[in-house]
Amino acid sequence: MKPTSKGRLKRFVQDVVRQLASVKLGLLLLIAFFAFTLVAAFFPAQEVVGLFRGLGKILAREDLSTVTALNFQERFESPPFLVLIGVLSLSLCFSLYYRIKSELKRARAKQEPTLLEGSQQRSGLVGAAVSAVEQELQRRGYHAHAVCTAGSWKVHASKGGSGVWGSVLFHVSLLLVLAAVVLGTSLSFRASVKLTEGQAFDARVDQFGKQSAGRWRQQAAQPLTFRLVRVEPDYEVNGESTLASLVEPTLEGKSTRFSTSAPIYINHGLRHAGVTIHQGMDFGFAPLLMIEDAAGQRVFQAYTPLATLAGPEKQSYLDHVDIGPKDKQLRAELELFPDAAYRDGVYLSKSALPKNPVLHVVLRERGKIVLDHFIRVTAEATGGGYTVHFGGVRRWSQIDMSDAPGVPVLLVATLLGSLGLALRLLRVRRRILVAVPRAQQDQRVVFDVSGGSEKFQRTFETELGIIRAVLTQRLATLPPPAPIT
C-alpha cells in the first residue's frame with residue numbers, strides 16, 4: 001500500500017526535523033555563527049563587500065558581485081545573519097526537545113525494574129551476594145537496584161545522570177545568547193554627549209554627539225533630561241587617573257525634590273528615563289572665554305571645552321573656536337596650562353590639577369594674528385582691537401547613555417552555560433551491570449561485571465577493575481547460609 005500525500009509530507013517533515021536536530025548540523029551552524037560574528041566585529045563592511053565584488057568579477061559570478069543587495073552593511077541586522085540565527089535556533093530547539101524526551105523515557109525505564117523486585121525474595125548465598133554488591137556500589141556513589149529474572153540476579157547501577165541535564169542547560173544558554181543578539185540589534189540604544197559642569201541636557205531640544213540604535217528603536221523610551229553637577233578625579237584604572245561625574249536626573253528639564261544627584265563611573269551608571277547614564281572615556285577642561293571688540297560689544301562668551309592633550313608631559317590642552325560672522329573669520333586658538341609654571345622662558349604645567357591655570361590665547365582675524373597672550377585666571381589681555389578675559393575653568397566630561405536589553409539575558413546565558421558545562425564535565429554518566437547467577441555446587445558465587453561511560457573511558461575502566469577486585473574479595477568471604485531447620 002502506497003503512502004498517502006499526507007503521510008509523505010509527515011515523513012518529510014520528520015526527516016527535516018531530525019536533520020536540524022543532528023549534532024553535525026548544529027556544530028556547522030555554530031561555526032558559521034561565530035565566523036560571521038568575528039568578521040562583522042573586526043572587518044569593515046566596505047572591505048567585506050569589496051572582497052565579494054572582487055571574487056564575483058574573478059569568478060564571473062554575478063551573485064557574488066551583487067552581495068550588497070543583502071544589506072550586509074547592517075551586519076547584525078542583515079538578512080543572512082537573521083536567517084542564520086533562525087535556523088540555528090530551530091536546530092537547538094529540536095535538539096533540546098529530543099534530548100529531554102530521551103531523558104524522560106530513560107527515567108521511566110529506570111523506575112520500572114524496581115517494581116519487579118517486590119515479588120522476589122533474596123535468600124541463601126546468592127541473596128547475600130546481591131546485597132553485598134548493592135552496598136558496595138552505593139558506597140561508591142552509584143544508584144543501584146537488583147532485578148531477578150529466571151532465577152538469576154542482575155544489579156543495575158548508575159551515577160552522573162545529572163550531567164546529561166548539563167547539556168540541556170548548555171543548549172538553553174545558547175538559545176539565550178541568540179535571543180540577546182536579536183535584542184541587542186533590534187532594541188538597543190546608545191548615545192553620548194559632552195557636557196561642562198553645571199550644563200543640563202534635554203534630549204527633546206539638544207542633540208547627541210554620537211548615537212546608534214537598533215532597527216526598531218530610534219530614541220530613549222522616556223524624555224531624557226539631566227544635569228552634570230560636577231566632575232572630579234575618583235579612582236585609577238590601569239595606573240591612570242580616571243574621573244567620576246556627579247549627575248542630577250531631572251524631570252522634563254526641571255529639578256524636583258524627588259531627584260537627587262548621584263555619582264556615575266565607567267563601569268557603574270545611573271538608571272534614569274529608561275537608559276543607563278555612565279561616565280565616558282573622554283574628559284578635559286573648559287575655560288570661560290569672553291571676547292569684546294573695540295566698541296565694547298561682547299562677541300563671544302562661553303565655556304570652551306579643550307579636547308587635545310599636548311606637550312611632552314601631555315599636561316596642557318589645545319583647541320580652537322571660530323567666532324563671529326564668516327566675513328571676519330575670527331578664530332581663537334587656546335592652550336590651557338592647569339597648573340602653570342614659567343621655567344626657562346616657557347610655560348609648562350606641573351600637574352593636571354587646576355591649581356594655577358594659565359590660558360594661552362592666540363586670536364586670528366582673517367588668518368592674521370591680532371592677539372597673542374598668556375592670561376592668568378580672572379585676568380584679561382588687549383590687542384588688535386579686542387579684549388580677551390579669562391574668567392575661570394570648569395571640567396567637561398563625556399557622558400554615555402545606553403539601554404541594552406540583551407545584556408541581562410546574556411548574563412543569564414553565561415551563568416546557565418557555565419553551570420551546564422560544569423555538570424557535563426564533572427558529572428559524567430556511568431553505568432555498571434553486575435550479573436550474579438545461581439551459586440555453584442561448591443557454594444562459590446560467580447559474577448560478571450561490565451559497564452560503560454560517556455566520557456573518560458580509560459579512567460572508568462580503571463575504576464571498573466578496582467570494583468571487580470573489591471567485589472571478588474567481598475563475595476569470597478561471605479559466610480555460608482545457615483542450615484534450614
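Take the conditions (1) surrounded by fewer than 20 Cβ atoms within 10 Å (Cβ to Cβ); (2) among the hydroxyl-bearing types (Ser, Thr, Tyr); (3) within 14 Å of Ala286 (Cα to Cα); Tyr342 misses just one of them, which is (3).
Scanning segment 212-241 for residues that are of a type in the set (S, T, N, Q), at pLDDT 60 or above and more than 14 Å from Asp400 (Cβ to Cβ), we see that the one that is surrounded by the fewest Cβ atoms within 10 Å (Cβ to Cβ) is Gln222.
Scanning segment 274-322 for residues that are among the hydrophobic types (A, V, I, L, M, F, W, C) and at pLDDT below 80, which turns out nearest to Glu248 (Cα to Cα)? Walk me through how you get there before you give the answer.
Narrowing segment 274-322 to residues among the hydrophobic types (A, V, I, L, M, F, W, C): 275, 277, 281, 283, 285-286, 288-291, 294-295, 299-300, 302, 306-307, 309-310, 318, 321.
After this cut, where a residue has to be at pLDDT below 80 as well, the list is 307, 309-310, 318.
Values: Ala307: 24, Leu309: 28, Ala310: 32, Leu318: 29 Å.
Across segment 274-322, the extreme among qualifying residues is Ala307.
If you go through segment 173-191 and keep only what is of a type in the set (Ser, Thr, Tyr) and crowded, with 18+ Cβ neighbours inside 10 Å, you end up with Ser173, Thr185, Ser188.
Let me confirm something: among Leu116, Leu176, which residue is at pLDDT below 85 and of a type in the set (A, V, I, L, M, F, W, C)?
On the way: Leu176 fails: at pLDDT below 85.
It is Leu116.
Tell me whether segment 417-435 contains one or more residues that are without any contact (Cβ under 8 Å) to a residue 40 or more places away in the chain and part of a loop (DSSP other than H, G, I, E, B). There is no residue in segment 417-435 that is without any contact (Cβ under 8 Å) to a residue 40 or more places away in the chain and part of a loop (DSSP other than H, G, I, E, B). Against the numbered list (1) more than 16 Å from Asp293 (Cβ to Cβ); (2) modelled with pLDDT of 90 or more, Leu363 comes up short only at (1). Listed conditions (1) surrounded by fewer than 16 Cβ atoms within 10 Å (Cβ to Cβ); (2) within 29 Å of the chain's Cα centre (by Cα); (3) modelled with pLDDT of 80 or more are all met by Gly198, apart from (2). Looking only at segment 155-192, residues that are part of a helix (DSSP H, G or I) and within 19 Å of the chain's Cα centre (by Cα) come to 18 in all. Note on segment 133-156: residues that are out of contact with any strand residue (DSSP E or B) (no Cβ under 7 Å at 6 or more places or on another chain) and surrounded by 18 or more Cβ atoms within 10 Å (Cβ to Cβ) total 2.
Only one of these is surrounded by fewer than 18 Cβ atoms within 10 Å (Cβ to Cβ) and within 30 Å of Leu224 (Cα to Cα): Leu411, Leu426, Leu353. Name it.
Values: Leu426 fails: within 30 Å of Leu224 (Cα to Cα); Leu353 fails: within 30 Å of Leu224 (Cα to Cα).
Going through Leu411, Leu426, Leu353 in turn, just one is surrounded by fewer than 18 Cβ atoms within 10 Å (Cβ to Cβ) and within 30 Å of Leu224 (Cα to Cα): Leu411.
The values are calculated or read from the model by the stated rules, or taken from the named source; none is laboratory data. Being a predicted model, the structure only gives us computed values, none of them experimental. For neighbour counting, all protein chains shown are included, and Cβ atoms are generated from backbone atoms with ideal geometry for every residue, glycine included.
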